[in-house]
Every structure is written in structure tokens, then in C-alpha cells.
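Asks: The structure is given below, and queries will be raised subsequently.
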Amino acid sequence: MAELRLENVPFPACSPTILSGWEELVAQASEPSVFLTPEWIGAWWRAYGDGLVSLLTVGWNSSGQMVGLAPLYGSRLPLAGIRGPQVVSFMGDRQVGSEYLGLLVRGGEERGFLSSLAAKLEGTWALLDLQGLREEGGLSRLLPETFGPAPPSRVHRERQACSAVHLPGD
């Protein structure tokens, strides 16, 4: 497995290099979605991002190509007025009914990117609240495997599948 360099990117103030790589990755990702585009995530962040911490993470291979992007944010679980545990979630998951959220990963790079992301986030979260994953998608199976061996209660898998209509050419 090739070594990846992961970088936290300030959001929404991404550089043009990040934005163009992001758009290219949407087109080449193993599980693309309009709800993972910089335009959608940016609009969602402007509307709902107050009080949240951007954990947008980008992965680069040794030749400088963007191979993965994790549009994540951190928040605290509210507990009767005290500072609750850290929760990591997908940008786009609150209020608006976005579907097919997740990570953008170039085909064939899923395990490497997820392993690097899990190592980077290790010890920073108490709950992964990953709503909106494709139920039949490979990432929905790989995420719990990769972020283990944590107790299963620390990883939330979406139990209601997002609807899909496959069109010719999909």
C-alpha cells in the first residue's frame, strides 16, 4: 500500500488547487454524489456550519495527486449543559436531507485512504455519526472495519437506505 499524505484543509476558504482537485475527484470517485461537490458542501456549511469544527481532510499520493477527500466536521454531543464527547460526522448531514454522503476516494485507493484517515483521527472522537452512506456501497462496509477495533456502539451505520434509481449509463 502506497504512503499517503493527509492534510487538514481550512474550509470554506479552500485554495483553487484544492477546489479543482475536489471537482476532479467527484468525477473519478468510486462513489460520487452531487451532495459531495464543493458547491453543495459549501452551501451547507454556510447555512449550518456555525459552531461546528471543520475536519475537511485531503489525501495526496506520492506523485501529488488528490486520491481522497473526507468532508467531515466535529461537534460535541450535548449533555445537560456540560461539554459532551466529540462526535465526527459528514458535512451535509443536518437539516436538509442530503443523500449519499460519505468520502470521495479515487477507485482502488479506498483501503489506503481510509487507513490513513483512521490513523489521523485516532483518539479524537467518541462517536462516528456517519449518516447518509450508500447502504450497498463499499465504503459503508469498509468504514466500520477500518475504524475498529472500537466497540460497535462507537460507529453509527445508517439503517435507512437512500433511495436510488439507476439510469442508463450510470
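Asks: If you stretched the chain out fully between Arg141 and Ala119, how much longer would it get, using 0.36 nm times the residue separation minus the C-alpha to C-alpha distance?
Replies: Numbers: separation 22, 0.36 × 22 = 7.92 nm, distance 1.78 nm.
Length difference between fully extended and current span is 6.1 nm.
Asks: Let me ask something else about it. Full-extension gain between Tyr48 and Arg111, please, as 0.36 nm times their residue separation minus the C-alpha to C-alpha distance. Don't skip to the answer; put the middle values down first.
Replies: Numbers: separation 63, 0.36 × 63 = 22.68 nm, distance 3.04 nm.
Here the answer is 19.6 nm.
Asks: In whole Hz, what ³J(HN,Hα) sequence does the stretch 132-137 give by Karplus (6.51, -1.76, 1.60; θ = phi - 60°), x for Gly and Pro?
Replies: Result, ordered by residue: x, 5, 5, 4, 8, x Hz.
Asks: Now for a separate question. Based on Cβ point charges of +1 for Lys and Arg and -1 for Asp and Glu, what charge dipole magnitude is obtained for the chain about its Cα centre, in debye rounded to the nearest 20?
Replies: Values: 13 positive and 18 negative charges, 112 e Å.
For the chain, the charge dipole is close to 540 debye.
Asks: Beyond 25 Å, what share of the Cα-Cα pairs of the chain is found? Please give it as a whole percent. Mind showing how you got there, number by number?
Replies: Details: 4020 of 14365 pairs.
Taking all Cα-Cα pairs of the chain, the fraction more than 25 Å apart is 28 percent.
Asks: Carbon-plus-sulfur fraction of the accessible area of the stretch 16-93, 1.4 Å probe, in percent? If you can, show how the numbers build up before the last one.
Replies: Values: 2040 of 3490 Å².
Within the stretch 16-93, the accessible surface is 58 percent carbon and sulfur.
Asks: To continue, here is another question. Whole-Hz ³J(HN,Hα) for each residue in the stretch 4-13, computed from phi via Karplus 6.51 cos²θ - 1.76 cosθ + 1.60 with θ = phi - 60°, x for glycine and proline: what do you get?
Replies: Per residue, the Karplus-derived 3J(HN,Hα) values read 10, 9, 9, 9, 7, 10, x, 10, x, 7 Hz.
Asks: What number comes out for accessible area per residue over the chain if the probe is 1.4 Å? Units Å², please.
Replies: Working: 8960 Å² over 170 residues.
Accessible surface, normalised per residue, equals 53 Å².
Asks: Continuing with this model, one more query. In the chain, once you exclude exposed trypsin sites (Lys or Arg not before Pro) (DSSP loop, at most 15 other Cβ within 10 angstrom), what's the longest stretch remaining?
Replies: On the way: sites that count: Arg83, Arg159.
My reading of the result: 1-82 is the longest stretch.
Asks: Additional query: Test of the criteria: in the stretch 1-52, which GluC sites (Glu not before Pro) are in a DSSP loop and have at most 10 other Cβ atoms within 10 angstrom of their Cβ?
Replies: Numbers: sites: Glu3, Glu7, Glu23, Glu24, Glu39; in loops: Glu3.
Those satisfying the criteria are Glu3.
Asks: Further question: Order Tyr48, Tyr73, Tyr100 by their accessible area, 1.4 angstrom probe, all chains in place, largest first.
Replies: Working: Tyr48 80, Tyr73 0, Tyr100 30 Å².
Sorted descending by solvent-accessible area, the residues read Tyr48, Tyr100, Tyr73.
Asks: From the backbone phi of the stretch 48-58, what are the Karplus-calculated ³J(HN,Hα) couplings (6.51 cos²θ - 1.76 cosθ + 1.60, θ = phi - 60°) in whole Hz, Gly and Pro given as x?
Replies: 10, x, 4, x, 9, 10, 5, 10, 4, 10, 10
Asks: What is the Cα centroid distance between the stretch 125-142 and the stretch 1-73, reported in whole angstrom?
Replies: About 17 Å separates the Cα centre of the stretch 125-142 from the one of the stretch 1-73.
The values are calculated or read from the model by the stated rules, or taken from the named source; none is laboratory data. Just so it is clear, the model here is predicted, and its values are computed rather than measured. Cβ atoms come from the backbone with ideal geometry, glycine included; neighbour counts cover every protein chain shown. Only protein heavy atoms, including side chains, enter the accessible area calculation; ligands, DNA and RNA are left aside. Shrake-Rupley method; radii C 1.70, N 1.55, O 1.52, S 1.80 Å.
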